[in-house]
Amino acid sequence: MACMDHIPAGPSDPPHPVRFWSAVAAVLFLPAALGALVLTLMSERAGRCLTYGENCGWSLPNQLFVGALVLGVVALVVVQAAPGDRVRRWAFGVQLGMEGTALVTILSHL
């Protein structure tokens, strides 16, 4: 039986700052969304709905909100998995844009 030389695997792709900040933005999206929801619930319209049952027939534009969330998650996956720096930067920009769109969608119901 022939002895095969074993080449140790080198370190994989070193951590990239865009990957790190993409993960930070994804983690901080949930507290930001909860904060936006609290601001929305503190509005006069929400207060009237909770107190008097008036003007309660509103909801988020589901297609825009869900679409922004889906595209944001896809962009997060691309940032974490893409080999090219240019692709990661573009995907990070898309991720931030979609997170911002989702937050503005929540805030649009003040």
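Structure above, values below:
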quantity: Qualifying residue in the range 66-87 (condition: open to solvent by 80 Å² or more (accessible area, probe 1.4 Å), of a type in the set (A, V, I, L, M, F, W, C), in contact with a helix residue (DSSP H, G or I) (Cβ under 7 Å, 6 or more places away or on another chain) and within 21 Å of Pro31 (Cβ to Cβ)); calculated: yes
quantity: Of all residues making up the range 39-65, the number that are open to solvent by 80 Å² or more (accessible area, probe 1.4 Å) and without any contact (Cβ under 8 Å) to a residue 12 or more places away in the chain; calculated: 12
quantity: Residue list for the range 99-110, filter: touching a residue at least 40 places away in the same chain (Cβ under 8 Å), part of a helix (DSSP H, G or I) and either touching a Phe, Trp or Tyr at 6+ places or on another chain (Cβ under 9 Å) or on the phi > 0 side of the Ramachandran plot (or both); calculated: Glu99, Ala102, Leu103, Thr105, Ile106
quantity: Index of the failed condition, Val104 passing every other in (1) surrounded by 14 or more Cβ atoms within 10 Å (Cβ to Cβ); (2) within 15 Å of Phe29 (Cα to Cα); calculated: (1)
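The values are calculated or read from the model by the stated rules, or taken from the named source; none is laboratory data. Keep in mind that what you see is a predicted model, and the values were worked out from it rather than measured. Cβ atoms come from the backbone with ideal geometry, glycine included; neighbour counts cover every protein chain shown. For accessibility, only protein heavy atoms count, side chains too; no ligands or nucleic acids. Shrake-Rupley method; radii C 1.70, N 1.55, O 1.52, S 1.80 Å.
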